[in-house]
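Here's the structure, in structure tokens; my notes come after.
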Amino acid sequence: MDSSELLRRIGERAAAEVQEGAIVGLGTGSTAEAMLLALGERVKAGLTLTGVATSHRTRDLCRELRIPVADLDDVERVDLCIDGADEIDPHVNVVKGRGGALLFEKLVARQADRYVIIASHEKLVPKLGVRLPLPVEIVPLGWRRTSALIADLGVTPVLRTNADGSPYLTDGGHYILDCTAPDGGFADVEALAEALKLTTGVVEHGFFLDMVDLALTIDGTGAITEHHPATA
């Protein structure tokens, strides 16, 4: 089964989680966009909802699909947030941020009554950090010093850049350091997450710990599996 069909299937399954009248956090990235396409079809068919976009890119796509959107500050609550992930561990903790929207994604996810992650089965890992670096969003001012402080935590940070070599900028105007774990992944994600938050210059990290209520993964045959923290 080709990748476009797999994305369509997981997108439709995720969009089915949205109930009439819901306020929905809408994620960023290719898998989240597949969900948005399916959600747009449901809106065409009469579903009423309010979306809260996690990036400028997602907001633009919502406008194309005629999905109503509101700012996070303009809603009293978020019923459900649906987003992709870069890694999912056996406890359904995840790493996010390869798409560069981790700060806005976490702000919306933290306000949601229910948080659903969708991903291909390749994103399932025995330990966070074995597949991809951890994105850490930092302020541009003094970024080299911030990078050195993060390196002291036992990871290897690399500034994310554009094709022309200039620093990649998030929607919030920040830099991203992609932090590689030692061999075998991150030994203590809770301790590292806390240390990163205490580091001056760090805005947010890509660990989303104890946040996910349901993860949906799809394999190459199109089979979708549910992962719940309580049964992980």
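Give the stretch 192-202 a look and list any residue that's crowded, with 17+ Cβ neighbours inside 10 Å and under 19 Å from the mean Cα position of the chain (by Cα), or say none. Step through it out loud before you land on a result.
First, pick out the residues of the stretch 192-202 that are crowded, with 17+ Cβ neighbours inside 10 Å: 192-193, 195-196, 201-202.
Across the stretch 192-202, the qualifying residues are L192, A193, L196, V202.
Taken over the stretch 9-20, the criterion of being buried (at least 16 other Cβ atoms within 10 Å of the Cβ) and of a type outside the set (A, V, I, L, M) is satisfied by R9, G11, E12, R13, E17.
Within the stretch 186-206, which residues are in a loop (DSSP other than H, G, I, E, B), modelled with pLDDT of 95 or more, closer than 16 Å to D89 by Cα and of a type outside the set (D, E)?
Listed by number, the residues that qualify are F186, G206.
Being among the aliphatic types (A, V, I, L, M) and crowded, with 18+ Cβ neighbours inside 10 Å is true of V189. The set of residues in the stretch 119-152 that are outside any helix (DSSP H, G or I) and exposed (fewer than 14 other Cβ atoms within 10 Å of the Cβ) comprises P126, P140, L141, G142, D152. Scanning the stretch 99-132 for residues that are farther than 19 Å from D210 by Cβ and touching a residue at least 12 places away in the same chain (Cβ under 8 Å) gives G99, G100, A101, F104, S120, H121, V130, R131, L132.
Only one of the listed residues (T221, T217) is in contact (Cβ under 8 Å) with a residue 24 or more places away in the chain, under 30 Å from E5 (Cβ atoms) and part of a strand (DSSP E or B). That residue is T217. Each residue in the stretch 21-54 was checked for being surrounded by fewer than 21 Cβ atoms within 10 Å (Cβ to Cβ) and among the hydroxyl-bearing types (S, T, Y), and 3 of them qualify.
For (1) part of a helix (DSSP H, G or I); (2) closer than 17 Å to Q19 by Cβ; (3) in the same structural domain as T28 (by TED's automatic domain parsing), each residue gets a yes or a no:
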| site | (1), (2), (3) |
| --- | --- |
| T48 | no, yes, yes |
| G51 | no, yes, yes |
| R59 | yes, no, yes |
| R63 | yes, no, yes |
| I67 | no, yes, yes |
| H91 | no, no, yes |
| E105 | yes, no, yes |
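Could you tell me whether D171 is of a type in the set (D, E, K, R), in contact with a Lys or Arg (Cβ under 8 Å, 6 or more places away or on another chain) and in contact (Cβ under 8 Å) with a residue 12 or more places away in the chain?
Numbers: of a type in the set (D, E, K, R): yes; in contact with a Lys or Arg (Cβ under 8 Å, 6 or more places away or on another chain): no; in contact (Cβ under 8 Å) with a residue 12 or more places away in the chain: yes.
Considered against the rule, which asks whether it is of a type in the set (D, E, K, R), in contact with a Lys or Arg (Cβ under 8 Å, 6 or more places away or on another chain) and in contact (Cβ under 8 Å) with a residue 12 or more places away in the chain, D171 comes out as no.
I'd like the full set of residues that are out of contact with any helix residue (DSSP H, G or I) (no Cβ under 7 Å at 6 or more places or on another chain) and either in contact (Cβ under 8 Å) with a residue 60 or more places away in the chain or under 22 Å from T225 (Cβ atoms) (or both), limited to the stretch 1-29. Step through it out loud before you land on a result.
Step one: filter the stretch 1-29 for residues out of contact with any helix residue (DSSP H, G or I) (no Cβ under 7 Å at 6 or more places or on another chain), giving 1-6, 9, 13, 16-17, 19-24, 29.
Hits for the stretch 1-29 are M1, D2, S3, S4, E5, L6, R9, R13, A16, E17, Q19, G29.
In the set G201, G184, G173, only one residue is within 20 Å of E122 (Cα to Cα) and not assigned by TED's automatic domain parsing to the domain that holds L107; that residue is G184.
The values are calculated or read from the model by the stated rules, or taken from the named source; none is laboratory data. All of these numbers come straight from a predicted model, not from anything done at the bench. With ideal geometry, Cβ positions are generated from the backbone for all residues, glycine too; neighbour counts draw on all protein chains shown.
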